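Input: a single structure, listed below in structure tokens.
The values are calculated or read from the model by the stated rules, or taken from the named source; none is laboratory data. Since we're looking at a predicted model, the values are computed, not measured. A quick note on method: Cβ atoms are made from the backbone with ideal geometry, for glycine too, and the neighbour counts reach across all protein chains shown. Heads up: the accessible areas ignore ligands, DNA and RNA and are worked out on the full protein's heavy atoms, side chains in. Shrake-Rupley method; radii C 1.70, N 1.55, O 1.52, S 1.80 Å.
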Amino acid sequence: MSTAFFTHDSALKHVAPPGHAESESRIEAIWAALRAPEFAALARYPAPLAPEAEVLRCHPARHLEAVRMAIPAAGWAMLDPDTFAAPGSLVAALHAIGGVNAAVDLVLAGQAGNAFVAMRPPGHHAEAERAMGFCLSGSIAIAAMRALDHHGLARVAVLDFDVHHGNGTQALLWDEPRAMFVSSHQMPLYPGSGYASETGAHGQMINLPLLPGSGGAEMRAAWQEALDRVRDFAPELILVSAGFDAHHADPLAALEWTDSDFRWLTHAICDLADDCCAGRVVSTLEGGYDLTAVAASVAAHVAVLMERDDDRNSGDEL
Ligand SMILES: [Zn+2]
């Protein structure tokens, strides 16, 4: 098998207003990084357009309609002080959902060992009826529900290491006992939720608030303990909201993680996946706003996914 990589040109059509941190340059920087020779073995796929019915797994039809109505003919509409819509935004959001869904389908079909999806807009802040935090719709929560309801899995885990709390994913999966959700995030920071006391309707959520400046050692200790609890839950698929804005160079936050911390965390997630679900990890881009840092961190993350997939394949041959 191989590591699959999903992306699509529509990610560039979600054109950001001048000076906005969540810009199409992020995707271009990631594409440039993944053109390096060590990524030649990636199995590259276009992220398909998700049918609108997929959005309805987590959002009411009126949310989709509200986003559609907000799309401007030219320029930008601001859905809140942070969250913009450009003429190409809804199509980009549907390709972002389609990319994560297609990655789930491929990995569950055994046609890829694991996968990374680089699309935008991101998704983990979008609530059922509220676009927010640069996000229009909850791509990873939709993929989790697809894995459960379409593929019939009994349990999935969603692991979110973006520096901001995944409030949208938490809200969309709050009542879903088959989906465990873990989020580490800087606190205090936008959006302000993610206290350790927020544990989901079934005790299936773990929030790991981290202090500004706490660094890699604190993060590793917190995740090690959380991943042991996820191991007890025995997920059949692991989904990752991979935000790289905890990087020390990121302008939006101050957790001070390094490329080596992202590498460690990716290995820890793959260890869990090896134990629980034959290595099945589907990871998707969320934040990360320093272009050099996000490109390097994505490269580190994807390199570990590829290495771990290779290790599993060589193990199979023994
Ligand atoms: Zn973020």
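Might you tell me the accessible area per residue for segment 248-318, computed with a 1.4 Å probe and given in Å²? Write down the numbers at each step before the final one.
Details: 2620 Å² over 71 residues.
Roughly 37 Å² per residue, with all protein chains present.
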If the chain between Glu28 and Ala154 were fully extended at 0.36 nm per residue, the gain over the current Cα-Cα distance would be 41.7 nm
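Rule-of-thumb check for segment 166-318: C-alpha Rg over 2.2 N^0.38 Å?
Values: Rg = 15.3 Å, N = 153, 2.2 N^0.38 = 14.9 Å.
Here the Cα radius of gyration is 1.03 times the empirical estimate.
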Would you kindly derive the ³J(HN,Hα) couplings of segment 189-202 from the backbone phi angles with the Karplus curve 6.51 cos²θ - 1.76 cosθ + 1.60 (θ = phi - 60°), listing them in order in whole Hz, with x for Gly and Pro? 5, 3, x, x, 8, x, 5, 4, 6, 8, 10, x, 5, 10
Grab every C-alpha pair in segment 176-236, bin the distances at 5 angstrom width from 0 up to the longest one, and report whole percents. 4, 18, 27, 24, 16, 9, 3
Taking the chain as a whole, which cysteines find no other cysteine Cβ under 4.7 angstrom from their Cβ? Cys58, Cys135, Cys270
Using the basic label-point model (7 angstrom from Cα toward the beta carbon), what is the Ala196 to Arg68 distance in nanometres? 4.5
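Using a 1.4 Å probe on the protein chains only, how many percent of the accessible area of the chain belongs to carbon and sulfur? Numbers along the way, then the final one.
Values: 6270 of 11460 Å².
Its accessible area is 55 percent carbon and sulfur atoms.
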Divide by every residue of the chain the summed helix terms, -39500 (n - 2.57) for each DSSP H run of at least 4, and state the resulting mean residue ellipticity at 222 nm, rounded to the nearest 500 deg cm²/dmol. -13000 deg cm²/dmol
Show me, for segment 40-45, the HN-Hα J-couplings you get by feeding each phi into the Karplus relation (A = 6.51, B = -1.76, C = 1.60, θ = phi - 60°), rounded to Hz, glycine and proline as x. 4, 7, 4, 8, 9, 9
Efficiency of FRET from Cβ geometry, Phe233 and Ala43, R₀ 30 Å, rounded to 0.05: 0.55
Between His248, His150, His125, where does the largest GNM mean-square fluctuation fall for the chain, given springs only between Cα atoms within less than 10 Å? His150
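Please compute the contact order of segment 1-141 in relative form: average sequence separation of alpha-carbon pairs under 8 Å and at least six residues apart, divided by the residue count, as a percent. If you can, show how the numbers build up before the last one.
On the way: 268 pairs, mean separation 48.7, N = 141.
Value for segment 1-141: 35 percent.
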With 0.36 nm assigned to each residue of separation and the Cα-Cα distance removed, His20 to Gln111 gains 29.0 nm
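Quick check: net charge around Val182, other residues with Cβ under 13 Å of its Cβ, Lys/Arg +1 and Asp/Glu -1? All intermediate terms of the calculation are to be shown ahead of the outcome.
Working: positive: Arg229, Arg231; negative: Asp160, Asp162, Glu198, Glu225, Asp228, Asp232.
Its environment carries a net charge of -4.
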Of all GluC sites (Glu not before Pro) in segment 276-318, the ones in DSSP coil with at most 11 other Cβ atoms within 10 Å are none
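Residue separation times 0.36 nm, minus the C-alpha to C-alpha distance between Leu56 and Asp275: what's the value? Let's see the in-between values first.
Working: separation 219, 0.36 × 219 = 78.84 nm, distance 3.23 nm.
Full-extension gain reported as 75.6 nm.
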Plugging the Kirkwood radius over Cα pairs into Stokes-Einstein for segment 1-146, at a temperature of 25 °C and a viscosity of 0.890 mPa s, what D comes out in µm²/s? 159
Which net charge results when you count Lys and Arg as +1 and Asp and Glu as -1 among the other residues whose beta-carbon is under 14 Å from that of Gln224? -4
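From Cα pairs below 8 angstrom and at least 6 apart in sequence, can you work out the relative contact order of the chain, rounded to a whole percent? Please report the intermediate quantities before stating the final value.
Details: 733 pairs, mean separation 61.1, N = 318.
Answer for the chain is 19 percent.
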Per GNM of the chain with C-alpha springs under 10 angstrom, the most fluctuating residue out of Val55, Val67, Val298 is Val67
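Can you give the direction-averaged projected area of the convex hull of the alpha-carbon atoms in the chain, in nm²?
Working: hull surface 57.4 nm².
If you wrap the Cα atoms of the chain in a convex hull and average its projections, you get 14.4 nm².
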What are the ³J(HN,Hα) couplings of segment 256-265, residue after residue, when phi is run through the Karplus curve with 6.51, -1.76, 1.60 and θ = phi - 60°? Round to Hz, x for glycine and proline. 6, 6, 10, 4, 5, 5, 5, 5, 4, 5
